[in-house]
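Please read the structure below before turning to the comments.
Derivation of every value follows stated rules applied to the coordinates shown; laboratory data play no part. Being a predicted model, the structure only gives us computed values, none of them experimental. Here Cβ is always computed from backbone atoms with ideal geometry, including for glycine, and neighbour counts include all displayed protein chains.
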Amino acid sequence: MKHLLILFTILTLISCRQGSRQKQQADTPPVITVTIEPLRNWTEAIAGNRFQVVSMVPKGSSPETYDPTPQQLADLTHSCAYLSTGYLGFEQTWHERLKQNAPHLTFFELSQGIDLIYSHSHTPHTQHPGNYEEEESHTPGVEPHLWMSVVNARIIVRNICTSLCSLAPNHQAEFRHRTDSLCRQLDKLDSYLRSFLSASDADSTFLIYHPALSYFARDYGLRQISIEADGKEPSAAQLKSVIDQCKREMVSVIFVQPEFDQRNAKLIAKEIAAIIVSINPLDYHWEQEMRNIAEHLNISRLTDIHLLEETGRPTAR
């Protein structure tokens with residue numbers, strides 16, 4: 001009798017643990033994988049608690065050259081879908097391998113409907129308002145930083161919504177409601193950015209190490225000059241050409257990204273008396289980064305706002 005009681009107790013414990021594990025699995029939302037953190041931000045905002053969202057490219061890594069770890073490839077098999085921008089180096093290099101690694105995955109490309117910028121080999125890399133397809137007869141490639149644009153962000157979040165609706169059709173109404181709310185937030189951000197960038201004293205030209213702000217520049221009629229030449233460190237002659245151009249254009253702001261070497265940016269800043277501003281286009285807090293970029297292209301307006309916040313009085317003009 002004693003042995004039967006012990007056996008009954010053991011079987012009960014095993015049954016409870018299995019039931020608890022099954023309940024935990026049932027309560028865990030399906031996993032969606034995205035390439036970069038800004039996509040995770042938007043997908044989480046639309047999905048609510050219906051999906052768990054993870055990024056493939058970690059903080060501080062370049063999505064142009066990143067290789068996933070074996071653990072990430074193993075984890076990917078637990079995802080139900082993969083959301084990508086479609087044109088980042090990582091996505092193009094790993095797309096087929098990711099599909100082979102997890103053949104059950106549904107892949108969604110979020111760039112559909114975006115007016116793409118095509119870039120060509122060009123030194124120095126300069127983009128002028130309204131002229132993003134250069135006339136040289138080199139093979140074009142798509143400028144991949146699609147998400148660094150409020151205009152594109154609206155399209156991307158709508159595409160995310162469509163993707164989620166196809167994955168969980170019973171929750172379409174809530175996905176669309178959150179998407180509408182997110183688009184209204186993007187409209188407010190766009191108005192804020194334009195208030196800085198349309199002012200007469202705002203900088204119309206800026207220098208950046210890696211040309212990640214092509215779509216941002218197009219949205220607001222700005223000119224982007226990049227230090228990088230065809231994806232490589234510039235030669236001494238190219239560096240001099242960039243410095244001369246920045247002097248002519250009276251560039252006062254140099255944007256740098258954490259995953260790139262900043263030595264040339266510091267050298268140029270000294271030559272042209274410009275400030276260096278750190279930005280991270282891959283940051284989860286995308287809206288904060290967009291505000292940071294616009295605010296530093298109109299330092300006088302930013303100073304006025306800070307003074308108003310501190311004293312309640314605007315600066316005298």
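Once amide H atoms are built 1.01 Å from N in the peptide plane, which residues 5 or more positions from VAL277, or in another chain, come under 5 Å H to H? Under 5 Å from the amide H of VAL277 lie the amide H atoms of ILE254, PHE255, VAL256, each far enough along the sequence or on another chain. Length gained on full extension, LYS59 to ASP230: 59.1 nm, using 0.36 nm per residue less the C-alpha separation. Please label the shape of segment 153-278 as rounded, prolate or oblate, based on the square roots a ≥ b ≥ c of the eigenvalues of the alpha-carbon gyration tensor (a/c under 1.5 means rounded; beyond that, a/b larger than b/c means prolate, else oblate). Taking the square roots of the gyration eigenvalues as a ≥ b ≥ c, segment 153-278 is prolate. Protection proxy ranking for 62-72, 226-236, using the average of other Cβ atoms within 10 Å per residue and placing the highest first: 226-236, 62-72.
The modelled label-to-label distance for the pair ARG263/GLN172, using points 7 Å beyond Cα in the direction of Cβ, is 5.7 nm. Given LYS247/LYS270; LYS59/LYS188; LYS232/LYS266; LYS240/LYS270, which pairs have Cα atoms separated by over 21 Å? Those over the limit are LYS59/LYS188.
Extension gain for ARG184-THR77 works out to 35.0 nm (0.36 nm per residue, less the C-alpha to C-alpha distance).
For segment 200-311, the share of DSSP beta bridges that are antiparallel, to the nearest 5, is 10%.
Extension gain, GLN92 to ASP67, is 7.8 nm, computed as 0.36 nm per intervening residue step minus the present C-alpha separation. Once the Cβ-Cβ distance of SER191 and GLU289 is raised to the sixth power relative to R0 = 22 Å, the FRET efficiency obtained is 0.80.
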